[in-house]
Amino acid sequence: MLAISGQGAPESPSVNLLAEECGRIAAAHGATILTGGLGGVMAAAERGARAGGGWAAALLPGEERAAHRGTADMVIATGVGEARDLALVATADAVIAIGGGWGTLAEIGLARKLGRPVVLLRTWDVRAPAGWDQGESLPRAETAGDAVALALAALA
């Protein structure tokens with residue numbers, strides 16, 4: 001299962017297009033797409049999954065499935081608010097972070113804390129602090145195809 005993480009508020013059309021492309025390409029490779037179920041990047045990734053002949057699930061922060069803004073095949077109203085970010089990345093095998101705000105940054109950190117591979121695509125510049133003994137750098141992709149390839153390779 002591949003989580004596509006990003007801001008629910010409207011992003012730039014180019015960022016949403018990247019999310020849609022990631023969803024489409026990943027679905028064409030047999031990946032199930034998991035999103036946070038709101039608008040923006042999340043809805044775009046779900047559209048892409050459908051266009052790629054795949055399947056998408058959405059984990060909403062609230063209690064009402066009617067809050068869903070995408071086209072996911074399964075919508076889960078968690079009722080746990082921002083804790084949904086942890087459920088999202090804990091459920092995923094890998095995460096592609098695209099654009100985004102503070103929630104996206106939280107999902108990047110939580111995913112790494114759980115040992116999930118994360119690929120960065122036009123999102124936060126995340127680096128280990130100087131002198132940190134666990135120095136890791138997260139892979140950064142330039143295209144949707146590269147992001148999906150990196151994420152799927154991390155699962156192999």
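The values are calculated or read from the model by the stated rules, or taken from the named source; none is laboratory data. Please read these numbers as outputs of a predicted model, since none were measured by experiment. Heads up, the Cβs are rebuilt from the backbone with ideal geometry, glycines too, and the neighbour counts pull from every protein chain shown. Areas reflect the complete protein model, heavy atoms only, side chains present, ligands, DNA and RNA absent. Shrake-Rupley method; radii C 1.70, N 1.55, O 1.52, S 1.80 Å.
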| task | Using a 1.4 angstrom probe on heavy atoms only, work out the carbon and sulfur share of the accessible area of the chain in %. | result | 55 percent
| query | From the backbone phi of region 62-67, what are the Karplus-calculated ³J(HN,Hα) couplings (6.51 cos²θ - 1.76 cosθ + 1.60, θ = phi - 60°) in whole Hz, Gly and Pro given as x? | reply | x, 9, 10, 5, 5, 6
| said: Just to be sure I understand: with springs between alpha-carbon atoms less than 10 Å apart, which residue in Ala72, Ala87, Ala45 has the highest mean-square fluctuation in the Gaussian network model of the chain? | reply: Ala87
| message | Can you compute the modelled spin-label distance between Met1 and Leu155, with each label point 7 Å from Cα toward Cβ, in nm? | response | 1.1 nm
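Provide the per residue accessible area, probe 1.4 Å, for region 59-124, rounded to a whole number of square angstrom.
Counting only protein heavy atoms, the per-residue value for region 59-124 is 47 Å².
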| said: Can you work out the Karplus-derived ³J(HN,Hα) for every residue in region 12-29? Use 6.51 cos²θ - 1.76 cosθ + 1.60 with θ = phi - 60°, whole Hz, and x for glycine or proline. | reply: 5, x, 5, 5, 4, 4, 4, 5, 5, 4, 4, x, 5, 5, 5, 5, 5, 8
| remark: Taking Cα atoms, the helix 144-155 axis meets the longest principal axis of the chain at an angle in degrees (rounded to 10) of 70 degrees
| message | If you fit an axis through the alpha-carbon atoms of helix 102-113 and take the longest principal axis of the Cα set of the chain, what angle between them do you get, 0 to 90°, nearest 10? | response | 60 degrees
| message | Compute, for the chain, the length of the dipole vector about the Cα centre, with Cβ point charges of +1 (Lys, Arg) and -1 (Asp, Glu) only. Units Debye, rounded to 20. | response | 100 debye
| task | Would you kindly derive the ³J(HN,Hα) couplings of region 46-57 from the backbone phi angles with the Karplus curve 6.51 cos²θ - 1.76 cosθ + 1.60 (θ = phi - 60°), listing them in order in whole Hz, with x for Gly and Pro? | result | 5, 4, x, 4, 5, 5, x, x, x, 10, 10, 10
| query | Near the amide H of Val118, under 5 Å away, which other amide H atoms are found, from residues 5 or more places off or on another chain, if H is placed in the peptide plane? | reply | Val95
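How would you order 58-65, 118-125 from highest to lowest mean count of nearby Cβ atoms within 10 Å?
Going from most to least packed, we get 118-125, 58-65.
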| request: Starting from the amide H of Gly100, placed 1.01 Å from N in the peptide plane, find each other amide H under 5 Å away whose residue is 5 or more places distant or on another chain. | output: Gln7
| For Cα extents along the principal axes in Å, which listed value, (i) 47, 31, 30; (ii) 46, 33, 26; (iii) 42, 30, 27, comes from the coordinates shown? | (i)
